[in-house]
Amino acid sequence: MNTPTPFSSELNQKIESFRSHASPIKLGAISFSSKLLLAPMAGICNIPYRLLMEDLGAGGTVSELISCHGINYGNQRTLEMLKIHPLEKNVGIQLFGEDAESMARAAEVAESYGPKFLDINMGCPVTKVVSKGGGSALLKEIQNLAPLFEKMRSKMKLPLSIKIRTGWDANTLNAQEVLKIAHESGIEWVAIHGRTRTQQYTGLANWEYIENLNEVKKLPLIGNGDLHHPFGVSERLQKTNCDALMLARGALRNPFIFLESLDPEYASLKRSTFLGKDYWEVIQRLYEYTTQTFSEERTVLVQLRKLIVWFAAGFPHAASFRSQIFGCPVLEDCMKISEDYFLSLGESQKFINYDEVFMSSGHG
Ligand SMILES: Cc1cc2nc3c(=O)[nH]c(=O)nc-3n(C[C@H](O)[C@H](O)[C@H](O)COP(=O)(O)O)c2cc1C
């Protein structure tokens, strides 16, 4: 992949002025350029999106969850998902599976693709994963965790992290025990989504529980859940005891969230300095990354369309733009429609109703 076409000097200046507020953070052996990291998202956190989010201030990124069995069987589609781009700075590969032997074998393969760290998915609530004992089901049998972590560690050189939920259900909140085992078994840091498996994506992330964990933890902790707008992220960033925060869904409707959350004064104004023309520049960069990553036009179209439509969320006439984009089967036409739309927005601000549920399913 070539280095991307530079952003305009106006957009670059905006980006750099926000970046100057970022505080780098060291988690275990790895230095991240900001405390705000991109959370793993299946079907979304591929090379183009991860690169774009790093360009727009994410201190680090994680791949979507990747099956250890797919890797061990040499499944071509799974192996494709392991690929890392040389321009990516702080990227981890997330593995899922249930047994120590298969996870350790897959970890060896994943390491050879050049990530900075590996992560274990211990939060996926999806029945297909949980019924086999993977994802959040790992939180149910915590006696199996030390052997799993130690087996993987014995085969790996890179740092190993885990991403968990608060527990299986409200009666078994056991993140504290999991953290203790993780600390004793060579895990480098823990990311926690503040919901139980039973909650799936309902209710609210339990930030009180996350913050209390910080009283007892011996490992760096990354808090995650419901940080969807710059004001909320910035408030949490100022008061949290967590070492870092992870953002998932917030970055889908606002690709500038990593930057805009860094300056508390700015975030409190709840007005964005990023306008339609900036979104259009970002979409062009995403287009470059996506066309260089995927050779099939259909794949590029599918990948780009959903992100472009999310980026438009909250802008005037977003609903009719969305139907135009989804009704358009030709990539270049989609880009033209997007250019016309985003450039027509002028000084318009986004208005998103954050009380409405957005994307209430996922793999962690
Ligand atoms: C579409 C989607 C896909 C997800 N895929 C993964 C995944 O592959 N691995 C994982 O650990 N978490 C996954 N998650 C969970 C997110 O990383 C995050 O924990 C969750 O969405 C809560 O954070 P948020 O409120 O900032 O979105 C996914 C979430 C969504 C919405």
Only listed residue being small (G, A, S), within 11 Å of the ligand (Cβ to nearest atom) and touching a residue at least 12 places away in the same chain (Cβ under 8 Å), chosen from A191, A170, A175 = A191
Based on what the data block shows, is K157 in the same structural domain as S63 (by TED's automatic domain parsing), over 20 Å from L38 (Cβ atoms), more than 16 Å from the ligand (Cβ to nearest atom) and in a loop (DSSP other than H, G, I, E, B)?
-> yes
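Of the residues L259, L301, L286, only one is closer than 30 Å to R165 by Cα and either crowded, with 21+ Cβ neighbours inside 10 Å or outside the structural domain of I44 (by TED's automatic domain parsing) (or both); which?
Values: L301 fails: closer than 30 Å to R165 by Cα; L286 fails: closer than 30 Å to R165 by Cα.
One residue alone meets the criteria, L259.
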Breaking point among (1) surrounded by 15 or more Cβ atoms within 10 Å (Cβ to Cβ); (2) within 22 Å of the chain's Cα centre (by Cα); (3) assigned to a helix (DSSP H, G or I), for G114 = (3)
Report the residue count in segment 181-212 for those that are touching a Leu at 6+ places or on another chain (Cβ under 9 Å) and charged (D, E, K, R).
-> 3
Pairs returned, first residue in segment 245-258 that is assigned to a loop (DSSP other than H, G, I, E, B), second residue that is within 11 Å of the ligand (Cβ to nearest atom) and aliphatic (A, V, I, L, M), beta-carbon separation under 7 angstrom, 6 or more apart or interchain, are A248/A39; A248/M41; R249/M359
Expected single match for touching an Asp or Glu at 6+ places or on another chain (Cβ under 6 Å) and free of Cβ contacts under 8 Å to residues at least 40 places away in the same chain among N212, N241 is N241
List every residue pair whose Cβ atoms sit under 7 Å apart, with the two residues 6 or more apart in sequence or on different chains, where the first one lies in segment 346-364 and is within 11 Å of the ligand (Cβ to nearest atom) and the second, anywhere, is part of a loop (DSSP other than H, G, I, E, B) and of a type in the set (D, E, K, R).
-> F358/R249; M359/R249
Kindly provide the set of residues from segment 126-152 that are surrounded by 14 or more Cβ atoms within 10 Å (Cβ to Cβ) and not in a helix (DSSP H, G or I), ordered by number.
-> V126, K132, G133, G134, K140
Hits in segment 295-345 (condition: assigned to a loop (DSSP other than H, G, I, E, B) and in contact (Cβ under 8 Å) with a residue 40 or more places away in the chain) | A313, G314, L345
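Name the helices (runs of 4 or more DSSP H) wholly within segment 1-98 that hold at least 2 residues that are of a type outside the set (S, T, Y) and in contact with a Leu (Cβ under 9 Å, 6 or more places away or on another chain)? Before the answer, list the steps.
On the way: elements: 9-19, 47-55, 68-72, 76-81.
Hits in segment 1-98: 9-19, 47-55, 68-72.
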Could you look through segment 199-216, keep only residues that are in contact with a helix residue (DSSP H, G or I) (Cβ under 8 Å, 6 or more places away or on another chain) and more than 15 Å from the ligand (Cβ to nearest atom), and pick out the one that is nearest to C124 (Cα to Cα)?
-> L213
Residue check for E98: touching a residue at least 60 places away in the same chain (Cβ under 8 Å), touching a Gly at 6+ places or on another chain (Cβ under 8 Å) and acidic (D, E) | no
Could you count how many residues in segment 202-218 are modelled with pLDDT of 95 or more and surrounded by 15 or more Cβ atoms within 10 Å (Cβ to Cβ)?
-> 6
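The values are calculated or read from the model by the stated rules, or taken from the named source; none is laboratory data. Because the structure is predicted, anything quoted here is derived from the model rather than measured. We place every Cβ from the backbone using ideal geometry, glycine too, and count neighbours over all the protein chains shown.
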